[in-house]
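The values are calculated or read from the model by the stated rules, or taken from the named source; none is laboratory data. For clarity, every value in this text was computed on a predicted model and none was experimentally measured. Glycine gets a Cβ as well: all are built from the backbone with ideal geometry, and neighbour counts include every protein chain shown.
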């Protein structure tokens, strides 16, 4: 990667250095796009399975854990905190793991994280045997935190491995992995409910934990170790944020993530109250968002890989996301529109597509700006 770095400084302040980075991107786009080798295909499958199981592990407890914890005397507010702690730990520790990756190495971080997540998952399947309220709460929080730490480790390592294993297909591979994340969001609750119905509380966690350990074991042997010269600490995290394009990209990512978060707690009551939809019907509408996001992500990744100037994707996606949210209500300003189930379905479909259009190019944009 060192041969691609622009030597002019500061990168974002001089037209000469801007030209240097644009020439770099053009040169990359003109490189011959080689086909995936057999080893790359296997690595991609394993990375995709790891991302899928990471999201499944976060959402698989949704259909049955609240009722199980209620029987133990756990209030719903505390049960919600057990759900939230997973995402909170990932939010706090992903930057930390990103900082230590150059010292520890991406491959060891991925393998250790996957093993930790798998063992924690299997352990979580045993907590329903605790009759003590305090022991049940402590073990729920403790195991969930360790599981989230493992998921954070191998999620961060995945981004480094993408660059090293698929240098000419970064956007496309990122899009495929985002598809797996979208599928995990859709399949997690359904898979959890199905396995719970078949084998009780423990089976969902035994299955996901075993798959995570399998992924760790296979990747221990097939993943290449990134070359030493490709892993360089470079500047600090604050140095990176001082680059205006990167700071702006972080804002874009945050805004889009917040847009998704706004929908989760408010949309179900809106649909139930306005149209009298059943939980199953509401769930199908929610799937539209995740499914269209997952299906369109590889397409925008492919476009990012083959376009010299791809920033228009983020701009267009932001405008499209804004329009989808305005029509989703619809907004009181749009007096000519009347809310309907079909309008909501179309808006959720558009929201998933425009979200992918906005998010997928950000990873490549940050890499190019940092270089």
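Structure above, values below:
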| item | result |
| --- | --- |
| Flag for residue 304 being modelled with pLDDT of 90 or more, surrounded by 18 or more Cβ atoms within 10 Å (Cβ to Cβ) and assigned by TED's automatic domain parsing to the domain that holds residue 244 | no |
| Qualifying residue in segment 233-243 (condition: outside any helix (DSSP H, G or I), modelled with pLDDT of 85 or more and surrounded by 15 or more Cβ atoms within 10 Å (Cβ to Cβ)) | no |
| Residues being closer than 29 Å to residue 172 by Cα and crowded, with 18+ Cβ neighbours inside 10 Å - total across segment 319-344 | 3 |
| Only listed residue being touching a residue at least 40 places away in the same chain (Cβ under 8 Å) and out of contact with any strand residue (DSSP E or B) (no Cβ under 6 Å at 6 or more places or on another chain), chosen from 132, 79, 140 | 140 |
| Out of 108, 66, sole residue that is under 18 Å from residue 152 (Cβ atoms), in the same structural domain as residue 129 (by TED's automatic domain parsing) and without any contact (Cβ under 8 Å) to a residue 40 or more places away in the chain | 108 |
| Search result, residues across segment 248-273 that are modelled with pLDDT of 80 or more and over 17 Å from the mean Cα position of the chain (by Cα) | 248 |
| Residue that is in the same structural domain as residue 213 (by TED's automatic domain parsing), under 20 Å from residue 214 (Cβ atoms) and touching a residue at least 24 places away in the same chain (Cβ under 8 Å), where the choices are 87, 116 | 116 |
| Residue match in segment 345-367 (condition: over 23 Å from residue 173 (Cα atoms) and free of Cβ contacts under 8 Å to residues at least 60 places away in the same chain) | yes |
